[in-house]
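The values are calculated or read from the model by the stated rules, or taken from the named source; none is laboratory data. These figures come from a predicted structure and were not determined experimentally. Because the Cβ atoms are built from the backbone with ideal geometry, glycine has one as well, and the counts that use them run over all protein chains shown.
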Amino acid sequence: MAVRKGNSYQQKKKKQQSIDTNILFKGLIKGDNTALAKAITLIESSRPQDMGLAEHLVTNCLQVETESVRIGITGVPGVGKSTFIEAFGTYLTHLGKKVAVLAVDPSSSITKGSILGDKTRMEKLSKDPNAFIRPSPAQDSLGGVAKRTRETIILCEAAGYDVILVETVGVGQSETLVHSMVDFFLLLKLAGAGDELQGVKRGIMEMADAVVINKADGENIKAVKHAMTEFKRALHLYPPKENQWIPKVTSCSSLNNLGIDAIWEIIVTFLEGTKEDGHFEDNRTRQNKNWFLQTIEEQLKTRFFDKENVKKHMKEYLIGIENKTISPVLAAQKLLVQEDIQ
């Protein structure tokens, strides 16, 4: 009898959770920011009972047709990403756009804590009724973006946001991952601090659709002009992009709201061209396929390390590595073989 009551309770609980998911979805498509915040919290949850609900919600949101643009913004710490995003986001809301900012805070590898202070750094934008700022801890996610950033983008688009800005921590590994989930990739740089010399390296420059020299004000104007010349020369060294877009170099003063409009004009021109020749949709499709493959890798890794047998042998091999009785490579091979056999 007690078991039947337990089953009844579990069924009732499951039903209630399903109803909550449907309510969240209805709130989302109505543009309810409270529902959006709750939905993001749900998909960021690592609890097994939340994962199925989260996927159901994301699947529903994928069915919502949108005309959004996803913009990745990266740059070294201190380049002024938060100040730029506030100026850029405010400019867009004045144009009548709804702007969502997914600002990822660095997490301590020791305490696992993060500052989560983007709302205080973007005080003006955080009070804008047409803006939504969601700071999320990067935790141990490779690339300086939260593990559920892609899903969060989908939720924001379903909630009616026209422009999704994805900020990274700018730690050097973030660019490739962010590039794989946005339509336009913007690289913020500084002038007069030796930073422009890093720009001539391959990789980040090849991914950038626009290079913006920030803090173009006061006595820094001369250095900014010099940096722009250097970046333009560097960009000529690289082969044309697949979509034939030639990356643009410009400057701005986020503090004084100068040059912000020119950056949006560059993005609009880019979107018009890539939508016309089909590269925009092709890129979105390619990104979804990469999302699929990366999710498989992530889940395989999680399932592997969650197995009790793996946990048990991991401890044994770690002791062996510490005592130098086995090499890390051989230990890894043995652990994988043992798990394959069982």
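Kindly indicate whether Thr269 is of a type in the set (S, T, N, Q), closer than 25 Å to Arg121 by Cβ, assigned by TED's automatic domain parsing to the domain that holds Glu151 and modelled with pLDDT of 95 or more.
no
Taking the range 144-179 on its own, how many of its residues are under 9 Å from the mean Cα position of the chain (by Cα), farther than 20 Å from Val212 by Cα and modelled with pLDDT of 85 or more?
Going through the range 144-179 one residue at a time, the tally reaches 4.
Out of Val211, Val182, I need the residue that is within 20 Å of Val69 (Cα to Cα), touching a helix residue (DSSP H, G or I) at 6+ places or on another chain (Cβ under 9 Å), in a loop (DSSP other than H, G, I, E, B) and at pLDDT 85 or above. Which one?
Going through Val211, Val182 in turn, the sole match is Val182.
Is it fair to say Thr229 is over 27 Å from Gly96 (Cα atoms) and either outside the structural domain of Phe88 (by TED's automatic domain parsing) or out of contact with any Leu (no Cβ under 6 Å at 6 or more places or on another chain) (or both)?
Yes, satisfied.
Hey, does the range 250-264 have a residue that's in contact with a strand residue (DSSP E or B) (Cβ under 8 Å, 6 or more places away or on another chain), closer than 16 Å to Thr74 by Cβ and modelled with pLDDT under 90?
no
Residue by residue through the range 286-342, note down the ones that are modelled with pLDDT under 85 and either of a type in the set (Gly, Ala, Ser) or more than 22 Å from the chain's Cα centre (by Cα) (or both).
Passing the criteria: Gln338, Glu339, Asp340, Ile341, Gln342.
Just checking, how many residues over the range 303-338 are surrounded by 13 or more Cβ atoms within 10 Å (Cβ to Cβ) and in a loop (DSSP other than H, G, I, E, B)?
2
State all residues of the range 45-103 that are among the basic types (Lys, Arg), assigned by TED's automatic domain parsing to the domain that holds Phe184 and either more than 19 Å from Glu265 (Cα to Cα) or outside any strand (DSSP E or B) (or both); if no residue qualifies, say none.
Lys81, Lys97, Lys98
Find the residue count for the range 235-264, including only residues that are within 16 Å of Phe185 (Cα to Cα) and either in contact (Cβ under 8 Å) with a residue 60 or more places away in the chain or surrounded by 19 or more Cβ atoms within 10 Å (Cβ to Cβ) (or both).
Summing the residues that are within 16 Å of Phe185 (Cα to Cα) and either in contact (Cβ under 8 Å) with a residue 60 or more places away in the chain or surrounded by 19 or more Cβ atoms within 10 Å (Cβ to Cβ) (or both) in the range 235-264 gives 7.
Of all the residues that make up the range 32-44, how many are in contact with a helix residue (DSSP H, G or I) (Cβ under 7 Å, 6 or more places away or on another chain) and of a type outside the set (Val, Ile, Thr)?
Within the range 32-44, residues that are in contact with a helix residue (DSSP H, G or I) (Cβ under 7 Å, 6 or more places away or on another chain) and of a type outside the set (Val, Ile, Thr) number 5.
Run Thr285 past the list (1) in the same structural domain as Asn243 (by TED's automatic domain parsing); (2) surrounded by 11 or more Cβ atoms within 10 Å (Cβ to Cβ) and report the number of the one that doesn't hold.
Of everything listed in (1) in the same structural domain as Asn243 (by TED's automatic domain parsing); (2) surrounded by 11 or more Cβ atoms within 10 Å (Cβ to Cβ), Thr285 misses just condition (2).
Kindly establish whether Glu206 is assigned to a helix (DSSP H, G or I) and not aliphatic (A, V, I, L, M).
Criteria met by Glu206.
Going through Gly89, Gly75 one at a time, which residue ends up being modelled with pLDDT under 90 and under 16 Å from Gly259 (Cβ atoms)?
Every option except Gly75 fails the conditions.
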